[in-house]
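Nothing in this text is a laboratory measurement; each read-out follows from the coordinates by a stated rule. Since this is a predicted model, take the numbers as computed values, not measurements. FYI the Cβ positions are ideal-geometry reconstructions off the backbone, even for glycines, and counts take in every protein chain you see.
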Amino acid sequence: MLVLLAMGCGPAPAVLIDEHVDQPGFGWVDEVPTGTDPDDPEPEDWSIYEGAEFRIVSPASGSFRALGELRPFEAQLIAADGTALWVDQVTWSSSVDPTWDGIGMYFEDDSIDVGLHDITAEVTLPNGDRLAHTVGGVRVQHPLAGTFSGLFSATGGYQQFQFSCSGSSLLQVDAYGEYAQGTGDCVASLILFDLPLNFLFDLEVDPATGEMTGQAGAQIIGPLVYDFPATGFMQPTQIDLTWAGTVLLLNFDVTADLTAERISRDPLE
């Protein structure tokens, strides 16, 4: 705004005053300082995320998890200066169960399926960096599943001859703890000759109680298999099984029992 000042009585020269030139309380505002304009916010400082380390702390590589058991999944994000950081957008996946996933730095889950898993967690940091970590060999299966080895003993008679024998056995229980298969063999010493006995086990397992029912098939003479009813009980570290019966056409009877201990978690495929 221009103001005309007059001095004295007569005409006086005009004086122009520019209100915007270094006058106290005045001044041109050419731009709004960064951070005061909501349309131009001050940039966030994401430097804490530079050089951060991201890793899975649970489950551990090579660990075992029982099928259907609620267990934690946890990741850790550590800044370069050792500060623990927290972010929400962490995604989890499995190498063998495509339907399974998880979200977050920490959650609990019981839905992951059986298998030997590589578990991967991935995160995109606020500064744009993407990090991932994988733990391998995480085994998920029923606690009863695995491979069992042990000894069995059998007694019986063939016509007028009585025999007894003992031998080794190997059984495997599937990953869901629902059935078992295996073999066992021994040589029965009769008076006149030795009789090889080979047993083929085919059993159903109640995963809730460990009760076993099924067949112990005996290869007594030739390729024919004679099935004897078998019953037993198993727990995560041991199998106890018995079977008995008579092959009427051969007048051959057998009574046997077996005890086997778990030697690995490798299940029946």
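Relative contact order (percent) for the range 138-269, with alpha-carbon contacts under 8 angstrom and 6 or more residues of separation? Could you put the intermediate results ahead of the total?
Numbers: 369 pairs, mean separation 37.6, N = 132.
Answer for the range 138-269 is 28 percent.
Just to be sure I follow: if Rg is taken over the C-alpha atoms of the range 53-147 and Rh is the Kirkwood radius over the same atoms, what is Rg/Rh?
Details: Rg = 13.9 Å, Rh = 13.8 Å.
Checking Rg against Rh, the ratio lands at 1.01.
What ranking, highest mean first, results for peptides 85-94, 131-140 when packing means the other Cβ atoms within 10 Å averaged over each residue?
Values: 85-94: 15.6, 131-140: 17.6.
For the peptides 85-94, 131-140, the packing ranking is 131-140, 85-94.
Output ³J(HN,Hα) for the range 162-178: one whole-Hz value per residue in order, computed from phi by the Karplus curve 6.51 cos²θ - 1.76 cosθ + 1.60 with θ = phi - 60°, and x for Gly and Pro.
After applying 6.51 cos²θ - 1.76 cosθ + 1.60, I find 9, 8, 8, 7, 9, x, 9, 9, 9, 10, 10, 10, 5, 5, 8, x, 10 Hz.
Where nothing but the Cβ of Lys and Arg (+1) and of Asp and Glu (-1) is charged, how large is the charge dipole of the range 132-219 around its Cα centre, in debye to the nearest 20? Don't skip to the answer; put the middle values down first.
On the way: 1 positive and 8 negative charges, 48 e Å.
Dipole about the Cα centre, nearest 20: 240 debye.
With the Cα gyration tensor of the range 126-269 in hand, convert its eigenvalues to equivalent ellipsoid semi-axes via √(5λ) and list them largest first in whole Å. Don't skip to the answer; put the middle values down first.
Numbers: eigenvalues 333, 39, 27 Å².
Semi-axis lengths for the range 126-269 are 41, 14, 12 Å.
Give me the Debye-computed log₁₀ of I(q)/I(0) at q = 0.19, 0.23, 0.28 Å⁻¹ for the range 68-109, equal point scatterers on Cα only, no solvent, two decimals.
-0.65, -0.83, -1.03
When the Kirkwood radius is taken over all Cα pairs of the range 105-206, what Stokes-Einstein diffusion coefficient follows at 4 °C and 1.567 mPa s, in µm²/s? Could you put the intermediate results ahead of the total?
Details: Rh = 18.1 Å.
In µm²/s, the coefficient is 72.
In whole Hz, what ³J(HN,Hα) sequence does the range 109-115 give by Karplus (6.51, -1.76, 1.60; θ = phi - 60°), x for Gly and Pro?
Result, rounded to whole Hz: 8, 10, 9, 5, 7, 5, x.
Sequence-distant or interchain residues sharing an amide H contact under 5 Å with L67, placed H: which?
Here Q141, H142 satisfy the definition.
Counting Lys +1, Arg +1, Asp -1, Glu -1, what net charge surrounds T134 among other residues with beta carbon under 15 Å of its beta carbon?
Numbers: positive: R55, R130; negative: E53, E74, D97, D101, D118, E122.
Computed value for this residue: -4.
Put +1 on the Cβ of each Lys and Arg and -1 on the Cβ of each Asp and Glu in the range 122-269; which of G245, L195, T134 then has its Cα farthest toward the positive end of the dipole?
The one lying farthest along the dipole's positive direction is T134.
Summing +1 for each Lys or Arg and -1 for each Asp or Glu, what net charge is found among the other residues whose Cβ lies under 12 Å from the Cβ of F73?
On the way: positive: R65, R71; negative: E74, D101, E108, D109, D110.
Counting the neighbours of F73, the net charge comes to -3.
Treating the range 162-223 as a set of equal point scatterers at the Cα positions, no solvent, please give the Debye-formula log₁₀ I(q)/I(0) at q = 0.25 Å⁻¹.
Each listed q corresponds, in turn, to -0.99.
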